[in-house]
1. So how far, in whole Å, is the C-alpha centre of segment 290-331 from the one of segment 388-439?
2. Quick one: Karplus J couplings for segment 166-173, per residue in order, coefficients 6.51, -1.76, 1.60, θ = phi - 60°, nearest Hz, x for Gly and Pro?
3. By how many nm would the segment from residue 355 to residue 389 grow when fully extended, if each residue of separation counts as 0.36 nm and the alpha-carbon distance is taken off?
4. For residue 105 and residue 34 in one chain, what is 0.36 nm times their gap in residues minus the Cα-Cα distance, to one decimal in nm?
5. Please compute the length gained on full extension between residue 57 and residue 113, using 0.36 nm multiplied by the number of residues separating them and subtracting their Cα-Cα distance.
6. Could you please report the charge total around residue 48, scoring K, R as +1 and D, E as -1 over all other residues with beta-carbon less than 15 angstrom from its beta-carbon?
7. With point charges of +1 on the Cβ of Lys and Arg and -1 on the Cβ of Asp and Glu, referenced to the Cα centre of the chain, which listed residue (216, 81, 245) lies farthest in the positive direction of the dipole?
8. Using alpha carbons only, how many degrees (0 to 90, rounded to 10) separate the axis of helix 126-138 from the longest principal axis of the chain?
Amino acid sequence: MKIAVIGTGYVGLSTGVCLAEIGHTVTCIDIDQKKIQHLQKGIPPFYEPGIGEMIMNNVNKTKLFFSSSHRDGVAGADIVIIAVGTPQREDGSCNLTFLEQAAIDSAPYLEKESIFVIKSTVPIGTNETIQKLIESRFQKKVQIVSNPEFLRQGSAIFDTMHPDRIVIGSENKDASEKIAEMYRPLNAPILITSIRSAEMIKYASNAFLATKISYINYIANLCEQVGADVEDVAQGMGTDKRISPAFLQAGIGYGGSCFPKDVKALLAISKENGINPGLLQETVAMNEHQQTILVSKALQRFQTLKEKRFALLGLSFKPETDDMREAPSIPMAKQLVELGAEVIAYDPKAVHNAKKILGSTIKYADSIDEAFLHADAIFIVTEWGEITNMDIGNLLKTAKSPIVFDGRNCFDEKKIKACDSIEYYSIGKPVLFINPPKN
Ligand code: UDX
């Protein structure tokens, strides 16, 4: 099939590349010409494992094209997929400006039979609004399909090639069958629903996962008070098939471009529809509390953080991405600085993006070793492999005090007990003291 994908963010680019990989002829379109020029040379606009190689492979096979002209991609396409950003407004609602513009820019070139697919996460009813917009402005009949995406950054290619399910929301049988046909080579379960149900599935899934994380963080905080271990508790819960072990990793809260935005959008939708949003409000409040929990632990330990030097290990919202959107490292670093501490941060990939947000309020180290030097304590923020595999016992010898606040529970008891001296604070587990410092 001939497919146009509009928007070359995580969702658009991963979708375009994977559709080319399974045999379709795909043109990815973006209004950002610089981005397109880079992509034509095989350079992705973000760090994502495996995507660069897959782009080059498909460009070389003439299966994948990049263009900043809507006419180039949309004219003659069987399917047009919109995957532009739908960022959050101040009030938590969804900003649809980019989506509307993408529809307006593509509509003149839509063929009679082409199907218009919306992958961007949008409030319930938006697909119908876009359909009406195209029909009234351009006097064109268009088949619209809601096809939400569930890929995770850091494993975007794997998730797109091996989805748990593909959701196709449409009021037209031929259109949904054509989209199912497009995905057939992936061999994934396909669920066909109404447009509104498909739109809702995306929000309901993300808000559920975010709530699951806030729930386990709440249990973790309780575990600390009653002397239980949240990892054992999560394992005990997760072996119940109805609960599942996924997304029960206690930590310093969720971040990223999806969960925070989608939970707040669903909250706004609840309010608009007169449904009490209390449950989701607690999910958000719990997450905000959790993002700076390590700072609270440090305050309790040191009383004052003035003139202390702290190493922050990991800045991105999760490993294997350079994305800093809504990363817990941001409120954490800001609070440490406000409390008078000096912060030196290390991240394998996200420093260039972190600098845009945190600027020179903190320092940046080129290596884990450099961050440890003379630190009064170490904060583990993101569980990059390089960080979870570090020789913590040896590295602590170069720090001023061997005190660690681990927000991702990276180390087991055995590894901590092998250290000569450490005071180890984690999430939802007892504090471990091995020959701790005297003060
Ligand atoms: C998420 C959804 O998983 C994906 O389906 C959707 O399309 C986009 O949003 P992503 O934001 O890439 O994907 O990351 P994900 O791996 O889901 O993690 C989100 C956040 O939750 C991260 O900050 C992560 O650290 C945190 N998290 C995740 C936990 O704190 N505990 C967990 O057990 C799992």
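Every number in this text was worked out from the coordinates using simple rules, so none of it is lab data. These figures come from a predicted structure and were not determined experimentally. Here the Cβ positions follow ideal geometry from the backbone for every residue, glycine too, while neighbour counts run over all protein chains shown.
1. A separation of 16 Å, based on Cα centres.
2. 10, 9, 10, x, 7, 9, 10, 5
3. Numbers: separation 34, 0.36 × 34 = 12.24 nm, distance 2.55 nm.
That works out to 9.7 nm of additional length.
4. Working: separation 71, 0.36 × 71 = 25.56 nm, distance 1.87 nm.
Taking residue 105 through residue 34 to full extension adds about 23.7 nm, to one decimal.
5. Working: separation 56, 0.36 × 56 = 20.16 nm, distance 2.99 nm.
Here the segment from residue 57 to residue 113 would lengthen by 17.2 nm.
6. Numbers: positive: 35, 152, 318, 325, 349; negative: 21, 53, 149, 159, 320, 322, 323.
Net local charge, residue 48 excluded: -2.
7. 81
8. 40 degrees
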